[in-house]
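Throughout, read-outs are computed from the coordinates displayed, never taken from laboratory work. None of these values were measured; they are calculated from a predicted model. Positions of Cβ are generated from backbone atoms using ideal geometry, with glycine treated the same way; all protein chains shown enter the neighbour counts.
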DNA sequence: GCAAATATAATAGTAATACTATCAAATTTG
DNA sequence: CAAATTTGATAGTATTACTATTATATTTGC
């Protein structure tokens with residue numbers, strides 16, 4: 001096995017690959033090195049040719065695993081949502097207070113993990129960066145409807161529904177739980193991006209974990225029942 | 001003049017074009033037809049070659065106006081923010097009540113204009129669709145820092161600051177006005193996209209103008225001063 | 001431990017794209 | 001009306017995204 005990270009069988013949609021990369025050494029190398037390369041070059045300048053060189057393999061071999069670089073990126077994003085699903089389950093079980101449960105979910109989804117604390121989180125950290133910087137490029141396409149039919153967004157949707165249910169437990173009357181969750185998930189990515197590149201568009205100076213603080217406050221204020 | 005839409009000199013950043021397209025007939029054709037073509041094909045499949053054919057011109061001519069299709073899209077997005085700036089000013093002047101002012105701004109930024117009502121809004125409608133579907137692709141790139149230095153995002157930033165000030169007028173103590181505005185602007189695009197392609201991620205069944213209703217409620221609840 | 005099946009590397013090649021260059025014809029401007 | 005500029009027509013380049021072929025490894029079944 002190439003690394004401990006690949007020991008768990010990933011429930012990633014089979015339409016995203018031609019041959020399951022998680023089952024072979026070259027495949028795992030492709031995944032690990034593509035994460036690094038996409039972070040380094042950005043998705044536009046990332047090519048299978050360059051990936052082939054860094055893993056000392058060939059374009060032809062990569063094409064036997066992935067139909068296109070578009071599908072590879074979708075695979076990586078699904079891999080990220082796999083990690084998040086698992087951690088969401090793990091970190092909220094046995095917590096009785098629905099408010100604390102929701103708080104933990106918001107923390108998981110809006111903050112950036114610290115890769116230095118635990119080495120196991122390195123890939124998750126790199127995947128989160130990819131989600132922040134590149135995800136919209138493969139979702140906002142003319143292919144989205146077909147890919148949705150193939151079930152490519154199921155993992156993401158399940159995370160949304162899980163957190164929406166948590167909101168429902170706290171405030172059963174709130175009308176837009178799904179919209180609130182997606183706007184938090186997508187918005188926090190955006191805010192992290194802005195904080196790095198267009199800081200005047202954020203209010204970053206206020207606090208360190210400002211994105212999380214912003215959303216913790218926003219969500220609890222929004223769902224509170226304000227009938228006096 | 002090609003159309004009434006081009007009679008106003010646009011304050012669009014000069015680094016976005018090699019030759020100002022709004023000053024010539026071919027240039028205006030490029031703008032008008034590129035809006036249609038990008039909506040039809042999506043930005044990935046849109047090419048200068050195809051645009052050249054539809055305006056009965058050549059690639060070379062288009063390249064004399066725009067360095068790349070990336071810059072053309074940035075130009076169009078700036079054009080959109082020009083329209084919004086103007087309307088934001090126009091529709092909120094002489095309104096004294098800061099809450100109503102903010103409501104109007106939220107309406108302008110979160111709802112989709114109806115192109116059937118007024119023909120003048122057709123281009124703005126098409127531009128909004130481009131902003132919804134394509135904007136993130138040209139902003140979330142490795143070029144963002146250089147383009148920001150060139151002032152390419154100034155128009156957008158000014159809209160954000162204007163609305164952030166309105167929030168400040170309603171609630172001077174709210175700590176994250178800029179983040180709230182950007183999360184509304186980017187979030188409403190996302191919600192409109194989801195409503196069309198991944199409807200289960202939204203709560204679209206509830207109301208027609210659900211995106212606007214969602215944000216009107218969210219923003220006023222979030223900025224309210226809840227010291228009892 | 002060996003034959004059969006499969007995966008990979010090496011190489012070549014294609015169509016499309018994102019540009020650049022050249023120059024004559026058309027158009028605008030002074 | 002002459003000079004300057006803009007455009008159209010054409011050609012060409014480097015890169016990319018992907019396909020095809022075949023010899024050589026490597027794995028797997030027995």
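Before moving on, here are some points about what is shown:
- Debye equation applied to the C-alpha atoms of the protein assembly as shown, log10 I(q)/I(0) at 0.06 Å⁻¹: -0.27
- Likely footprinting exposure, B:139, A:112, fewest C-beta neighbours within 10 Å first: A:112, B:139
- Among the residues of A:170-176, the average count of other protein chain beta-carbon atoms within 10 Å of the residue beta-carbon is 3.
- From least to most packed, judged by other beta carbons within 10 angstrom and beginning with the fewest, B:211, A:53 follow the order A:53, B:211.
- In terms of its C-alpha gyration tensor, segment B:68-204 comes out rounded, because the ratio a/c of the largest to the smallest axis stays below 1.5.
- Rel. contact order, % - alpha carbon contacts under 8 angstrom, at least six apart, segment A:83-226: 30
- When the Cα atoms of segment A:1-110 are aligned to their principal axes, the ranges along those axes come out at 53, 27, 24 Å in descending order.
- Full-stretch length increase - residue B:14, residue B:116 - with 0.36 nm per residue and alpha-carbon distance subtracted: 33.5 nm
- Per-residue Cβ neighbour rank within 10 angstrom, fewest leading, B:219, A:12: A:12, B:219
- Calculated label separations, residue B:36, copies of the chain, 7 Å along the beta-carbon direction, nm: 5.0
- Tilt relative to chain B, helix B:177-197 - C-alpha long axis, 0 to 90 degrees, to 10: 60
- Each other copy holds its own label point for residue A:25; taking that point as 7 Å from Cα along Cα to Cβ, the gaps run 6.8 nm, nearest first.
- Label-to-label distances for residue B:221 across copies, nearest first, come out at 1.2 nm, using points 7 Å from Cα in the beta-carbon direction.
- Principal-axis tilt of helix B:69-92 within chain B, Cα atoms, nearest 10 degrees: 40
- Förster-model FRET efficiency, 51 Å R0, residue B:149 and residue A:146, C-beta, rounded to 0.05: 0.85
- Principal-axis tilt of helix B:25-41 within chain B, Cα atoms, nearest 10 degrees: 60
- Axis proximity, chain A to B: residue whose C-beta lies nearest, plus whole-Å distance: A:136, 2
- Shielding score for A:153-160, defined as the mean number of other chain Cβ atoms within 10 Å: 2
- Förster radius 41 Å - calculated FRET efficiency between residue B:100 and residue A:107 (Cβ-Cβ, nearest 0.05): 0.70
- Counting Cβ atoms of other protein chains within 10 Å of each Cβ in A:193-202 and taking the mean gives 6.
- For segment A:174-193 and segment A:86-125, distance of Cα centres in Å: 16
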